[in-house]
1. From (1) within 16 Å of the ligand (Cβ to nearest atom); (2) surrounded by fewer than 18 Cβ atoms within 10 Å (Cβ to Cβ); (3) of a type in the set (D, E, K, R), pick out the condition that doesn't hold for Lys243.
2. Does the range 354-369 contain at least one residue that is in contact with a Lys or Arg (Cβ under 6 Å, 6 or more places away or on another chain), exposed (fewer than 14 other Cβ atoms within 10 Å of the Cβ) and not polar (S, T, N, Q)?
3. Tell me which residues, restricted to the range 340-358, are closer than 20 Å to Ala253 by Cβ and either touching a Leu at 6+ places or on another chain (Cβ under 8 Å) or more than 13 Å from the ligand (Cβ to nearest atom) (or both).
4. Being assigned to a helix (DSSP H, G or I) and under 13 Å from Leu286 (Cα atoms) is the filter here; which residues of the range 335-367 pass it?
5. Go through Phe114, Phe91, Phe32 for me and flag whichever is part of a loop (DSSP other than H, G, I, E, B), out of contact with any Phe, Trp or Tyr (no Cβ under 7 Å at 6 or more places or on another chain) and of a type in the set (Phe, Trp, Tyr).
6. For the range 353-379, what are the residues that are among the polar types (S, T, N, Q) and within 19 Å of Phe90 (Cα to Cα)?
7. Here are some conditions: (1) open to solvent by less than 50 Å² (accessible area, probe 1.4 Å); (2) more than 16 Å from the ligand (Cβ to nearest atom). Gly313 meets all but one. Which one does it not meet?
8. Which residue pairs have Cβ atoms under 6 Å apart, sit 6 or more places apart or on different chains, and have a first residue in the range 7-20 that is closer than 16 Å to Glu320 by Cβ and a second that is open to solvent by less than 50 Å² (accessible area, probe 1.4 Å)?
Amino acid sequence: MNQDLTDWDFCQNPYPELARWRTLGPVVYNEFADEYMITGYRNCSRTLAAVKKFSSQDLEELFVKAFGGVTMEALDSTRHHEMRAIWSEFFQRDALENQRDLVSDIVTSQVDQFVERLRSGESLDAIPNMTRAIPTLVIARMLGIDESMHQQFSAWSDAMGGTQEGAYDPSPEGRAVLRRGAAATAALNAYIADVIKSRRMAARGEDLVSMMVFHDFAKEMAEQEIIASNTQLVFAGNETTAKLMATTLVALAQHPEQRRALAADRSLIPRAIEEIHRWQTLVQVLPRRACSDESEVEGVRVPRGAQVKVLIGAGNRDPERWEQPDELDIHREPRQHLGFGFGMHVCLGLNLARLEIQVWLNQILDKMPDFELADEIVYGRGLGLRGPKAVPIVM
Ligand code: HEM
């Protein structure tokens, strides 16, 4: 196997190749990047669960470079659990019900202004004009960011999100996107550092920054880790949620019958979102490092030190788990998929992402029942976060 996973054509529709690799065995060596790829559902989930054999240590360098400190995502030790425990209760599904009104208000304002412009005859890209703002404003409010800073906060977040695409674009524009992203990350880190200092001077608030700063375990964390953890929340949740909304618009536009069924029966919304996420997985690849002489998958040894790519997008179309996996079917019986990861690093914000998308989709079905795509959908390069580059909409 010799495949550039960032190749433009490959990224437009990687699924035929992913399906072929699944038939080759539990582990497929990719000469192109000297890496071992894991493909089927069961093997992907087992690999993600086996942190003593396949570690997340490589992410450490990435987070230190981006945010100046280590975050839970790069740690496989009990330190990970301690850090995660600070916020995990807040992100529980039931606890997030307290945030439903906040989410609804933000969704309503973004959807309403988008629909108003569509009604005046404009063709609009849904990502910069609607979906991107929603998770950014929600997390800004949860972090307790002052309202006067929300616009700036969104601008930083958008610039950071843009780096996902810029990373694979060698053109001058691609390099400029990366530079803007790096500057925005630095500015956000500096701002978060100030917010942390001011929270310490005040009484404990209900926001996520206070929750970390006043937690007992914060004494065990370096200042850079506290800053990085907060900045990472912005990075981890915004572009992902915005792109899952964008993907949902595309999926429903391409499947009008299922869209009508959903509009008629809103109880299908939660499973429809999971099915869309399974069918067009956003985070297609999770990087790991074989860290033991025992690192193996279904008896196939992966050499210690080797780079591993867990292809969760391929796992999500495994015919051993889903009948006709290449079909979108919102009526499917729900089964856990890998779109939010698996095991100890499973997405901390998955219930928040689900809540935001459910509230948003309900409003889309009410307020934009007849939208259409105004152009072909093109996917960006890379499988780290695969989603439409733009979703031009007309009504
Ligand atoms: C549709 C939206 C989202 C998708 C597709 C997504 C996807 C993922 C995936 C695949 C992982 C596992 C990473 C790994 O194993 O290396 C992850 C972890 C994580 N996500 Fe999300 N995410 C989303 C939204 C969010 C939101 C809204 C937040 C918070 C506000 C968030 C915060 C995190 C954090 C902190 C981790 C690290 C958890 C740990 O290491 O224990 N994510 N996410």
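The values are calculated or read from the model by the stated rules, or taken from the named source; none is laboratory data. All values reported here derive from a predicted model rather than from experimental measurement. Using ideal geometry, Cβ is built from the backbone for each residue, glycine included, and neighbour counts are taken over all protein chains shown. Remember, those area values only see protein heavy atoms, side chains included, never the ligands or the DNA or RNA. Shrake-Rupley method; radii C 1.70, N 1.55, O 1.52, S 1.80 Å.
1. (2)
2. Looking for residues that are in contact with a Lys or Arg (Cβ under 6 Å, 6 or more places away or on another chain), exposed (fewer than 14 other Cβ atoms within 10 Å of the Cβ) and not polar (S, T, N, Q), one finds none in the range 354-369, hence no.
3. Ile357
4. Within the range 335-367, the first condition is being assigned to a helix (DSSP H, G or I), and the residues that meet it are 343-345, 350-367.
The answer is Gly343, His345.
5. Numbers: Phe114 fails: part of a loop (DSSP other than H, G, I, E, B); Phe32 fails: part of a loop (DSSP other than H, G, I, E, B).
Matching residue, one of Phe114, Phe91, Phe32: Phe91.
6. Taking the range 353-379 first, the residues among the polar types (S, T, N, Q) are 358, 362-363.
Residue satisfying the conditions is Gln358 alone.
7. (2)
8. The qualifying pairs are Leu18/Ala314.
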